[in-house]
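First the structure, in the form of structure tokens, and then the observations on it.
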Amino acid sequence: MKSILPIITGMTLAAAAASSAVGLNARTGLTLDQYEIVFDSDRSGFQELYVMAADGSNVRQITHRRNRMPDHDARWVWGEDKVAFQSYRRGGWRTWTINIDGSEAKRFSDYGNYEAEAYWSKSTDKVVFSSYRPTMNLFIANKSGKVLKQLTFNRDYSVLVDHGKFSDDGQLIAYVSNKDGDFDIFTMNADGSNATQHTNNTAADFSPSFSPDGKKLMYYSDAGGNFDTYILDVSTNITTKITSNPSESNGKYRADLMEGPSSFKSLAPSWSPDGKWIAFFCFENQNAEICVSKPDGTERKRITTNNAHDGAPTWRFKP
């Protein structure tokens, strides 16, 4: 199905990083209502942030801007009761943080007029994000928003380097780039060294994320014609298709995903912090919904049911 290039194995886990990541991930025997998922939805008529239990219950709205420019692409700020998200506030797309109760929205940094896809490390004090300066690249900042290092050095205005996410131990970063003409999955060390390409095809591969144990990468791809969730086993290089979203002869399904205010960002799949579940976009009954399942695709459950566009789910344990 896909042509996969050699993938990095044998990651070294520092003792301090291991302790921090295990603390965030170490719970057992949980039911779905003992996890929380933050996501974005336009169910109010405007794209806003919401949080719910992972069984779909106890839905609460976080942002209430009622603005034509969306708040979207939310991620947990690990270790704090807040989320980071992308918003067009005060001019320009930038990363903001907000408490889960909707209070104290704050701009993350003053680095340029565009910054996006900020992802907080679970085991270090670092944040990876993308920004145009003047071309798009990945950068590392501390949790106070001070930029510490540029990781990639793309000089082509037509090339995007985006969707950066740490592995749970903080040693690697997964990301996407279209430097070869289509979007492929890459990883590199957290200092920007040893960049390695993982997919090499004519498909669009987006939103890679590491499993909590670092052995797999989950991402979205249209390799089969429609956008679906795939999981890549980094020890065997075997890619497994997890979902089978429907096709439409008029192309409306693809247009809805690619041309909305948050476009393919709503596709981002995510792992539960213990790796026992995944959450992903699912296209059912002509609507963009959120589904959860086991990583092998079994025990699938749709946890949103409405006429809105729901997407970009991200897990945490319920406090």
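The values are calculated or read from the model by the stated rules, or taken from the named source; none is laboratory data. Keep in mind the model is a prediction, meaning the values are calculated, not measured. Positions of Cβ are generated from backbone atoms using ideal geometry, with glycine treated the same way; all protein chains shown enter the neighbour counts.
The figures follow:
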| item | result |
| --- | --- |
| Per-region count, the stretch 208-232, residues of a type outside the set (Ser, Thr, Tyr) and under 17 Å from Ser272 (Cα atoms) | 11 |
| Failed criterion for Thr243 (all others in (1) outside any strand (DSSP E or B); (2) within 26 Å of Arg316 (Cβ to Cβ); (3) at pLDDT 95 or above hold) | (3) |
| Selection from the stretch 151-174 of residues that are of a type in the set (A, V, I, L, M, F, W, C), under 16 Å from the mean Cα position of the chain (by Cα) and at pLDDT 95 or above | Phe166, Leu172, Ile173, Ala174 |
| Selection within the stretch 32-53 - closer than 19 Å to Asn287 by Cα and either outside any strand (DSSP E or B) or in contact with a helix residue (DSSP H, G or I) (Cβ under 8 Å, 6 or more places away or on another chain) (or both) | Asp40, Asp42, Arg43, Ser44, Gly45, Phe46, Gln47 |
| Filter result for Ala223 (at pLDDT 95 or above, closer than 28 Å to Ala288 by Cα and either in contact with a helix residue (DSSP H, G or I) (Cβ under 9 Å, 6 or more places away or on another chain) or not basic (Lys, Arg) (or both)) | no |
| Strands (runs of 3 or more DSSP E) contained entirely in the stretch 128-194, each with at least 2 residues that are crowded, with 21+ Cβ neighbours inside 10 Å | 136-142, 161-166, 172-177, 184-189 |
| Scope the stretch 25-50; condition of a type in the set (A, V, I, L, M, F, W, C) and surrounded by 22 or more Cβ atoms within 10 Å (Cβ to Cβ); matching residues | Ile37, Val38, Phe39, Leu49 |
| Residue in the stretch 100-112 that is outside any loop (DSSP other than H, G, I, E, B), aliphatic (A, V, I, L, M) and in contact with a strand residue (DSSP E or B) (Cβ under 9 Å, 6 or more places away or on another chain) present | no |
| Residue selected from the stretch 98-123 under the condition polar (S, T, N, Q), within 21 Å of the chain's Cα centre (by Cα) and surrounded by fewer than 21 Cβ atoms within 10 Å (Cβ to Cβ), by the criterion nearest to Gln47 (Cα to Cα) | Asn99 |
| Tabulated pairs, the stretch 189-204, first free of Cβ contacts under 8 Å to residues at least 40 places away in the same chain, second among the charged types (D, E, K, R), C-beta under 9 angstrom, 6+ apart or interchain | Thr202/Asp182 |
